[in-house]
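Student: This is the structure I have questions about; it appears just below.
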């Protein structure tokens, strides 16, 4: 079943799977060995070299899902991000990043890059003009995240790729919030696609992993650094992740539907001050999202009426869980100022538009009526 032109759920289920030739089992066998033969073999396998049987098979599946030639899997989303960035940047180089980014990425750049002599600039906005204004003679990379965490802003991928071609720059995207189900940046000309596979690829809040997908040439460059940094994923977790991706298509589509209905409910609720979801016609980037996304995603964020206590509201939820991460089959909620963007200063958060009362909502696969009822009862307790 090695055909990238097959349907999404077929690729999720079958592409890149390992065959159990001895016992004919229905799922991929798990090869736990950390030591393989070195003589009389075509490939000298070692986990840190990303080439064990399970690692190779899963990488093929991810590459097929993102319409790329190759992929690599890492021990975390930040490992995938840091290895990708450092593989294309060196002392004296410059990178332009959009201002609305995952807090971990922002911290990596703002706290670590100066040590390596790498210059960086964050945009003032998300238009191509904002990116072009920050480009210098030594700029090498443009880095974007769309939809962004946590305000669900949308960046125009075609505009970014056109700008990058004009200046001969490498483009990278954090595609975590969209997942390959809702968005394939390669189809819009982006060079390197990065995921926190912990999220929608894992989908059950029990896996920590990262993924990078691109051309074979770019992946080879990232691999050469990655094998030295040692950020590989254990084979047991690789096997679990391959299992989880089998249901990613149906999970994400259910989460899309729930998020759309929840966003519409919150938008009509007079106790809610603002809702950020690209599937709403009121979202400033709604039309752009329609052009480059197949679905609007399972993530949204919102702000309650200023008279309400957003933290107390979260404590009063009975079904929706207060939890640090996102994209699991269970619905979760959090305050970005206390978690994902907690290491940013108040000024940095304000510059990104992240208010103290902002709530990030990851929709699961529960019945939407039950989720709405839970939100309604928690709001009622604030009155």
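Student: Out of 263, 274, 209, which single residue is in contact with a strand residue (DSSP E or B) (Cβ under 8 Å, 6 or more places away or on another chain) and outside the structural domain of residue 309 (by TED's automatic domain parsing)?
Tutor: Selected residue: 209, the only one of 263, 274, 209 that is in contact with a strand residue (DSSP E or B) (Cβ under 8 Å, 6 or more places away or on another chain) and outside the structural domain of residue 309 (by TED's automatic domain parsing).
Student: Across segment 308-321, what is the number of residues that are surrounded by 14 or more Cβ atoms within 10 Å (Cβ to Cβ) and farther than 18 Å from residue 271 by Cα?
Tutor: 3
Student: Further, regarding this structure: Go through segment 224-233 and give me each residue that's part of a loop (DSSP other than H, G, I, E, B) and more than 20 Å from the chain's Cα centre (by Cα). Before you say what the answer is, go through the steps one by one.
Tutor: From segment 224-233, those part of a loop (DSSP other than H, G, I, E, B) are 230-233; that's our starting set.
The one that is part of a loop (DSSP other than H, G, I, E, B) and more than 20 Å from the chain's Cα centre (by Cα): 230.
Student: Any chance segment 15-32 includes a residue that's under 19 Å from residue 230 (Cβ atoms), part of a loop (DSSP other than H, G, I, E, B) and in the same structural domain as residue 222 (by TED's automatic domain parsing)?
Tutor: Taking every residue of segment 15-32 in turn, at least one turns out to be under 19 Å from residue 230 (Cβ atoms), part of a loop (DSSP other than H, G, I, E, B) and in the same structural domain as residue 222 (by TED's automatic domain parsing).
Student: Give me a count of the residues in segment 66-113 that are farther than 21 Å from residue 326 by Cα and part of a strand (DSSP E or B).
Tutor: 7
Student: Those residues that are under 23 Å from residue 356 (Cβ atoms) and either assigned to a loop (DSSP other than H, G, I, E, B) or not assigned by TED's automatic domain parsing to the domain that holds residue 173 (or both), I need them from segment 127-155; list them, please.
Tutor: Within segment 127-155, 147, 148, 149, 150, 151, 152, 153 meet the criteria.
Student: I need a count of the residues in segment 350-383 that are at pLDDT 95 or above, in a loop (DSSP other than H, G, I, E, B) and closer than 30 Å to residue 99 by Cα.
Tutor: Total meeting the criteria: 2.
Student: Counting only residues that are touching a helix residue (DSSP H, G or I) at 6+ places or on another chain (Cβ under 9 Å) and in a helix (DSSP H, G or I), which one in segment 234-243 is surrounded by the most Cβ atoms within 10 Å (Cβ to Cβ)?
Tutor: 238
Student: Go over the candidates 273, 220 one by one and state the one that is out of contact with any helix residue (DSSP H, G or I) (no Cβ under 9 Å at 6 or more places or on another chain), surrounded by fewer than 24 Cβ atoms within 10 Å (Cβ to Cβ) and in a helix (DSSP H, G or I).
Tutor: 220
Student: Moving to a separate point now. Please tell me if residue 58 is touching a residue at least 60 places away in the same chain (Cβ under 8 Å), in a loop (DSSP other than H, G, I, E, B) and in contact with a strand residue (DSSP E or B) (Cβ under 9 Å, 6 or more places away or on another chain).
Tutor: Values: touching a residue at least 60 places away in the same chain (Cβ under 8 Å): yes; in a loop (DSSP other than H, G, I, E, B): no; in contact with a strand residue (DSSP E or B) (Cβ under 9 Å, 6 or more places away or on another chain): yes.
So residue 58 fails the test.
Student: Same structure, new question: Please find, among 69, 22, 42, the residue that is under 25 Å from residue 218 (Cα atoms) and at pLDDT below 95.
Tutor: After applying the criteria, what remains is 42.
Student: State whether one or more residues within segment 112-125 are at positive phi, surrounded by fewer than 21 Cβ atoms within 10 Å (Cβ to Cβ) and modelled with pLDDT of 95 or more.
Tutor: yes
Student: Just wondering, is there one or more residues in segment 79-102 that are more than 26 Å from residue 16 (Cα to Cα), assigned by TED's automatic domain parsing to the domain that holds residue 194, at pLDDT below 95 and touching a strand residue (DSSP E or B) at 6+ places or on another chain (Cβ under 6 Å)?
Tutor: Scanning segment 79-102 turns up at least one residue that is more than 26 Å from residue 16 (Cα to Cα), assigned by TED's automatic domain parsing to the domain that holds residue 194, at pLDDT below 95 and touching a strand residue (DSSP E or B) at 6+ places or on another chain (Cβ under 6 Å).
The values are calculated or read from the model by the stated rules, or taken from the named source; none is laboratory data. As the structure is a computational prediction, the values presented were derived from the model and not from experiment. Please note: Cβ atoms are built from the backbone with ideal geometry, for glycine as well, and neighbour counts cover all protein chains shown.
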